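The values are calculated or read from the model by the stated rules, or taken from the named source; none is laboratory data. Keep in mind it's a predicted model, so treat the numbers as computed, not measured. Note that we place each Cβ from the backbone using ideal geometry, even for glycine, and neighbour counts take in every protein chain shown.
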Amino acid sequence: MKKYRVGIVGCGNIFPMHALPVIHDDRCELVAVCDNKEDRAKGSAEEFNCNYYLDYKEMIDKENLDVLHICLPHYLHAEVAIYALNNKVHVMTEKPMSIHLDDAKAMVAAAEDNEKTLGVIFQNRYNPGSQLIKNTLESGELGKVITGKLSVTWNRSDEYYGKSDWKGTWEKEGGGVIIDQAIHTMDLMRWFIDEEIDYIDAHIANRGHAVIQVEDSAEGIIHYTNGVSTAFHAINYYGYDAPVELEIYCEKGIIKMIADKGIIEFDDGRTLIADENPNEIFEYGDVKQYWGVSHIKQLRLFYDALDQGIEPEINGVEALKTQEMICAIYESGKEGKTISF
């Protein structure tokens, strides 16, 4: 069995969601971690009994890695991924791919040029509710999709932003509620509709924060080439993290997603429901509960794909579709115009 030498760059909040699945996969050996904050890097290395670095290039150059996981601030994703890919290392990066669309395209090109795999985390696709919705749509049982809407109303206070040296900035985070909080639900809706986008018209604003440059509210329309339109509304100045809501109105029924639960109500009276399995547990430690268990599902599928020499379901090309959508929302919101594809 192939044993993959794995490195992780970035030892912050999302780090356990990658480190723990890696060490529990018999195919993987976590050989090194990297962070520019030595206390973080050293502490993670001691916890997982591996080497640590303060410079990702040094880690890649010295450790003969097979795979690099990227858990860094958004603005660093493309730079680090391209360096790793050009050094013949497979990459799994957290969302978003990048801040700028050109950088995301360069990541895909680097993967293709070096014949290496680029994976991007959109773990919510592997939630039972998401899988039920996708499979039922693909079965044709619901007929044509007519329209859809989604809502993300969460809370990220000025105190939350004040604890970070990169969040809340255009230069380093690349945006606010859309690129950070709502992106997973936006990705799900685009994946469910599964058509080329025709145009996007969006509005963005900062209405509830004093210390950030980026948007804390966004709304708009995404119109697809098959005639389907979906509406989105996202804010991160609500009083708490309310359950995400998504709805798709179809010829023969209605799809609803509330938090992770998928509900399909057919016009003939049938109802299908899928939710998180309480017996499906993976202990990540002290992390945000809404991240769920699907990280490990996506990472296992990523390593399955490496074993088989095939592309993972969410590779760079697939993730680029969502990146293009996100970038178009910002372009529309900043310039006050409709963006055509």
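On the basis of being crowded, with 20+ Cβ neighbours inside 10 Å and closer than 23 Å to Asp103 by Cα, does Gly176 make the cut?
yes
Please determine whether any residue of the stretch 177-188 is assigned to a loop (DSSP other than H, G, I, E, B), under 21 Å from the mean Cα position of the chain (by Cα) and at pLDDT 95 or above. Scanning the stretch 177-188, I find no residue that is assigned to a loop (DSSP other than H, G, I, E, B), under 21 Å from the mean Cα position of the chain (by Cα) and at pLDDT 95 or above, so the answer is no. In a residue-by-residue description of the stretch 219-233, the property of being in contact with a Phe, Trp or Tyr (Cβ under 6 Å, 6 or more places away or on another chain) and free of Cβ contacts under 8 Å to residues at least 60 places away in the same chain applies to at least one position. Got a number for residues in the stretch 8-37 being of a type in the set (Phe, Trp, Tyr) and without any contact (Cβ under 8 Å) to a residue 40 or more places away in the chain? Of the residues in the stretch 8-37, 0 are of a type in the set (Phe, Trp, Tyr) and without any contact (Cβ under 8 Å) to a residue 40 or more places away in the chain. If you check Ile183, Ile193 for being touching a Lys or Arg at 6+ places or on another chain (Cβ under 9 Å) and either surrounded by 17 or more Cβ atoms within 10 Å (Cβ to Cβ) or not β-branched (Val, Ile, Thr) (or both), only one passes: Ile183. Could you tell me which residue of the stretch 210-228 is surrounded by the fewest Cβ atoms within 10 Å (Cβ to Cβ), considering only residues that are part of a strand (DSSP E or B) and β-branched (Val, Ile, Thr)? Within the stretch 210-228, the match that is surrounded by the fewest Cβ atoms within 10 Å (Cβ to Cβ) is Ile221.
Counting only residues that are out of contact with any strand residue (DSSP E or B) (no Cβ under 8 Å at 6 or more places or on another chain) and surrounded by 18 or more Cβ atoms within 10 Å (Cβ to Cβ), which one in the stretch 115-126 is nearest to Pro73 (Cα to Cα)? Among those that are out of contact with any strand residue (DSSP E or B) (no Cβ under 8 Å at 6 or more places or on another chain) and surrounded by 18 or more Cβ atoms within 10 Å (Cβ to Cβ), it is Phe122. Scanning the stretch 136-161 for residues that are of a type in the set (Gly, Ala, Ser) and assigned to a helix (DSSP H, G or I) yields a single hit, Ser139. Residue-level check: of (1) surrounded by fewer than 23 Cβ atoms within 10 Å (Cβ to Cβ); (2) among the aliphatic types (A, V, I, L, M); (3) not in a strand (DSSP E or B), Met107 misses just (1). Inclusion of Gly143 among residues that are assigned by TED's automatic domain parsing to the domain that holds Glu219 and over 23 Å from Glu313 (Cβ atoms) is warranted.
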